[in-house]
Structures are given as C-alpha cells and as structure tokens.
Number of protein chains: 2
Amino acid sequence: MTEDYTLKHRPFVILGLISEKMHEGGCHAYDINKRIEDRGMRNWTNIGLDFSFSTIYRTLDRLEKDELVDSFEEEIDNRSRKTYRITDLGYNILRKKVYNVLNNYMGRNDEDFYVAFSMFPILNLEEQAEAVANSIKRIKKHKKELNGMLDESLAEFPKMPINVTGLFIHPIKVLQADIEFLELVLEEIKKGGGNVEPEEYNK
Amino acid sequence: MTEDYTLKHRPFVILGLISEKMHEGGCHAYDINKRIEDRGMRNWTNIGLDFSFSTIYRTLDRLEKDELVDSFEEEIDNRSRKTYRITDLGYNILRKKVYNVLNNYMGRNDEDFYVAFSMFPILNLEEQAEAVANSIKRIKKHKKELNGMLDESLAEFPKMPINVTGLFIHPIKVLQADIEFLELVLEEIKKGGGNVEPEEYNK
C-alpha cells in the first residue's frame with residue numbers, strides 16, 4: 001500500500017477512532033463500538049444506523065490486510081482479545097485524508113466532512129489553518145458564481161418567480177452559513193482552540 | 001397503480017418536465033432533454049452528469065408502464081415521433097410528491113428538495129403555504145434540539161474544543177439559513193409570487 005490509498009467513509013471513521021488511542025497502545029473492537037455509541041456517530045456520520053460489530057470486524061480486517069493497522073492478541077480473563085493499533089502508513093494516510101477533505105470542502109453535502117472536521121486536531125496548527133482557509137476561499141468563489149448566475153438571470157427575466165430564483169438563493173444562503181462557520185473555526189484555530197484534550201493527539 | 005406510488009428521483013424529474021406541457025398536448029423526449037440542458041438540471045438535481053437520452057427513454061417506458069404517462073405516435077417529416085402526456089393518475093402522484101417533499105423537508109440533504117421546490121406552483125396557494133410552514137416548524141424544532149444538545153454538552157464539559165462543538169454549530173447555522181430561506185419563500189407565496197408564468201401550470 002502507498003499513501004495514495006483511497007480511504008472510504010467507514011474505514012475512515014474506524015481508522016480515526018483507532019488513531020485516538022495510538023498513545024495508549026491501541027484499542028479493542030468493543031471500545032471502538034463504545035465510542036461510536038457514546039458520540040452518537042450513527043447519526044452524524046454515514047456509517048449507517050445498522051453499523052454493527054460484524055461490520056466493525058470486517059472493516060478492521062480490511063484495514064489490517066491493507067497495512068493501515070496491525071494487531072496483537074492478548075489473554076484477558078482467559079479470553080483472547082485482539083488489540084488494534086494504527087501503523088505509520090495508516091497514520092499518514094489518515095492525516096492526508098483529514099487535510100484533503102477539509103481543504104476541498106465546498107459547502108456541499110460531503111459525507112466525510114463531519115468526520116474529518118471532528119478529527120482535525122490530528123493536523124498541526126498551520127495545516128489546520130491552511131486547509132480551512134482554502135475551503136473558505138473555495139466556498140466564497142462558488143457563492144460568487146451563483147450570485148453572478150442569479151444576477152444574469154434576473155437581468156434577462158426580471159420577473160423570475162421564487163420557485164426559480166430560490167434554486168440560487170437557497171444554496172447562496174447555505175454557503176454563507178458555511179463561510180461564517182469556517183471563519184469562526186479559523187479564529188479558534190488561530191487562538192489555539194483547535195487542540196483537543198491532552199489525552200488525545202497532542203502529546 | 002394507485003396514488004401511493006413511490007416516485008423515485010429520476011422519474012420525479014421527468015414526470016415534472018412532462019407535466020409542464022400538459023396544456024400543450026404533451027412533449028417529446030428531445031424536448032425533455034433540451035429543458036434538462038437549458039436549466040442545467042444535471043448540476044442541481046441528482047439525475048447524474050451521465051443522464052442521457054437512453055436513460056430518458058428507459059424512464060419514460062417505466063412511467064408509461066406504470067400509467068403515470070401515456071403516449072401517441074405522430075408522423076413528422078416522415079419520421080415517427082412519440083409524444084408523452086401526463087395522465088390524471090400521474091398528475092395526482094406528482095402533486096402529492098411535491099407536497100410531501102416540501103412538507104417533510106428537514107433542512108438536511110434531500111435530493112428531491114430542489115426538484116420539488118422548482119415545481120411547487122403545481123400546488124395551489126394554500127397547499128404551498130401549508131407545506132412550507134410545516135417545513136419551517138420542523139426545522140425550527142430540529143434546530144432547537146441541536147441547540148439543547150450543545151448547551152447540555154457545554155454545561156458538562158465547558159472547555160469542549162471547536163472540533164466537537166462545531167458538529168453542533170455547523171448544522172445549527174445551516175438550519176438557520178434554511179429557516180430564513182423558507183420564511184422568504186412563504187412571504188412570496190402570500191404575495192402570490194409562488195405562481196409561475198402563465199404558459200405553465202396556471203391556466
């Protein structure tokens with residue numbers, strides 16, 4: 001595997017959860033499932049409401065075959081348990097993925113956006129600021145294009161009804177909300193607020 | 001077929017385009033394709049950038065088999081051309097679909113929303129106002145729930161970092177944009193702005 005690996009949505013979620021425990025020697029499948037539960041991740045990601053233990057195991061197998069995680073067996077209370085750890089390759093692929101999703105965010109529905117956003121402290125402060133600033137630039141450009149298309153249409157058909165103009169006005173408003181949100185995030189990053197609790201990445 | 005028919009995204013788009021020509025005796029496949037082109041519908045619907053003539057024909061066949069449209073052949077310039085017309089059943093199903101999509105819109109990504117929105121003049125003014133008002137109510141409730149969840153989390157963990165609070169702040173901001181948009185639409189509807197040009201539905 002190389003760092004060009006395409007990390008799909010579910011492996012992205014799982015690899016992110018494994019990475020959080022990289023300084024604690026790894027984690028078990030039940031711990032991954034517990035954090036998915038505790039954080040309500042079936043609601044704000046696209047892993048699916050039916051994302052179960054067997055899907056977690058299948059995803060872990062895939063990640064291990066592709067060398068993004070490795071594992072070792074431990075004997076706990078006479079039962080054998082597998083512990084998963086992110087590999088260096090997996091960590092680099094994960095960081096790249098988080099950066100790319102944030103950097104390329106267009107304010108449009110992207111199932112990876114909230115996942116990448118929740119993990120953005122895996123990037124250093126410069127990378128965080130750069131990715132968010134690039135996304136803001138991209139969204140502003142897109143918003144400007146839509147505004148231009150609306151103005152042109154209205155110049156040609158001044159009485160255009162709301163069921164047509166709304167197809168521009170709605171995305172323009174949503175993009176504006178995205179810009180305001182990302183500007184707030186950028187401010188927080190500049191204040192150092194992009195860091196998470198010390199027990200996670202920032203060691 | 002009954003009015004409980006489930007109209008999927010592509011047939012929804014095509015049936016809507018056919019319905020616009022109900023007072024002009026119907027339309028041909030090339031005319032459907034032309035309006036998809038002219039309106040850039042491959043960009044703001046989910047029919048796909050690869051939505052081609054053969055897909056239009058397949059969709060038309062399905063709609064005809066299911067009795068939502070009927071067709072007749074005409075001889076034009078020595079070539080046989082099929083004209084499609086929406087049936088009464090098709091018209092009722094389409095109106096129901098437009099109403100339901102608008103009425104149940106949650107401010108979340110819904111591939112049918114822009115399609116239904118663009119066609120809302122197929123509803124009468126009361127239906128338009130009712131569906132949009134219901135959607136506003138629904139979105140306000142959802143926004144309030146998210147605000148409540150954020151406040152609770154912050155009460156328990158006051159130093160929660162932006163990569164966690166953002167998972168609430170972002171959807172709250174987007175829902176607010178949806179509310180403002182729909183309130184603007186509702187105002188227009190009350191002023192009668194929900195009507196489209198006379199050559200379309202309002203005859």
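The values are calculated or read from the model by the stated rules, or taken from the named source; none is laboratory data. Just so it is clear, the model here is predicted, and its values are computed rather than measured. Note: ideal-geometry Cβ built from the backbone for every residue, glycine included; neighbour counts use all protein chains shown.
Each residue in the range B:118-131 was checked for being touching a residue at least 40 places away in the same chain (Cβ under 8 Å) and either more than 14 Å from every other protein chain (Cβ to nearest Cβ) or not aliphatic (A, V, I, L, M) (or both), and 4 of them qualify. Looking only at residues in the range B:1-19 that are modelled with pLDDT under 95 and of a type outside the set (Ser, Thr, Tyr), the one that is surrounded by the most Cβ atoms within 10 Å (Cβ to Cβ) is B:MET1. Within the range B:150-164, being under 21 Å from A:ALA116 (Cα atoms) and either more than 9 Å from chain A (Cβ to nearest Cβ) or not in a helix (DSSP H, G or I) (or both) holds for B:LEU150, B:SER153, B:LYS159, B:MET160, B:PRO161. One residue alone among B:ASN134, B:ASN46, B:ASN92 is surrounded by fewer than 19 Cβ atoms within 10 Å (Cβ to Cβ), among the polar types (S, T, N, Q) and out of contact with any Asp or Glu (no Cβ under 8 Å at 6 or more places or on another chain), and that residue is B:ASN134.
Close Cβ contacts (under 9 Å, 6 or more residues apart or on different chains) running from residues in the range B:5-28 that are assigned to a helix (DSSP H, G or I) to residues that are surrounded by 20 or more Cβ atoms within 10 Å (Cβ to Cβ) and of a type in the set (Gly, Ala, Ser) comprise B:PHE12/B:ALA116; B:LEU15/B:GLY90; B:GLY16/B:ALA116; B:GLY16/B:SER118; B:ILE18/B:GLY90; B:SER19/B:GLY90. The condition (being assigned to a loop (DSSP other than H, G, I, E, B) and not assigned by TED's automatic domain parsing to the domain that holds A:VAL13) is satisfied by just one residue among A:GLU67, A:GLU111: A:GLU111. For residues that are over 12 Å from A:ILE136 (Cβ atoms) and not hydrophobic (A, V, I, L, M, F, W, C), scanning just the range A:165-190, find the one that is farthest from the other protein chains (Cβ to nearest Cβ). Within the range A:165-190, the match that is farthest from the other protein chains (Cβ to nearest Cβ) is A:LYS190. Can you confirm whether B:LYS34 is more than 23 Å from A:LEU146 (Cα to Cα), surrounded by fewer than 20 Cβ atoms within 10 Å (Cβ to Cβ), without any contact (Cβ under 8 Å) to a residue 40 or more places away in the chain and of a type outside the set (Asp, Glu)? No: the conditions fail for B:LYS34.
For first residues located in the range A:71-97 and outside the structural domain of A:GLN128 (by TED's automatic domain parsing) and closer than 18 Å to A:GLY25 by Cα, partners that are hydrophobic (A, V, I, L, M, F, W, C) and assigned to a strand (DSSP E or B) and lie 6+ apart or on another chain with Cβ distances below 6 Å form the pairs A:THR83/A:PHE72; A:TYR84/A:VAL69; A:ILE86/A:VAL69; A:GLY90/A:VAL69. Close Cβ contacts (under 8 Å, 6 or more residues apart or on different chains) running from residues in the range B:132-156 that are in contact (Cβ under 8 Å) with a residue 40 or more places away in the chain to residues that are among the hydrophobic types (A, V, I, L, M, F, W, C) and not in a helix (DSSP H, G or I) comprise B:SER135/B:MET106; B:ILE139/B:MET106.
Which residues, counting only those in the range B:157-171, are free of Cβ contacts under 8 Å to residues at least 24 places away in the same chain and surrounded by 15 or more Cβ atoms within 10 Å (Cβ to Cβ)?
Residues of the range B:157-171 that are free of Cβ contacts under 8 Å to residues at least 24 places away in the same chain, as a first pass: B:157-170.
If the condition is that a residue be free of Cβ contacts under 8 Å to residues at least 24 places away in the same chain and surrounded by 15 or more Cβ atoms within 10 Å (Cβ to Cβ), then B:MET160, B:PRO161, B:ILE162, B:ASN163, B:VAL164, B:THR165, B:GLY166, B:LEU167, B:PHE168, B:ILE169, B:HIS170 are the ones that fit.
Closer than 30 Å to A:ASN43 by Cβ, at the interface with another protein chain (Cβ under 9 Å from one of its Cβ atoms), in contact (Cβ under 8 Å) with a residue 40 or more places away in the chain and within 17 Å of the chain's Cα centre (by Cα) - does that describe any residue in the range B:108-115? Within the range B:108-115 (the criterion being closer than 30 Å to A:ASN43 by Cβ, at the interface with another protein chain (Cβ under 9 Å from one of its Cβ atoms), in contact (Cβ under 8 Å) with a residue 40 or more places away in the chain and within 17 Å of the chain's Cα centre (by Cα)), the answer is yes, since at least one residue qualifies.
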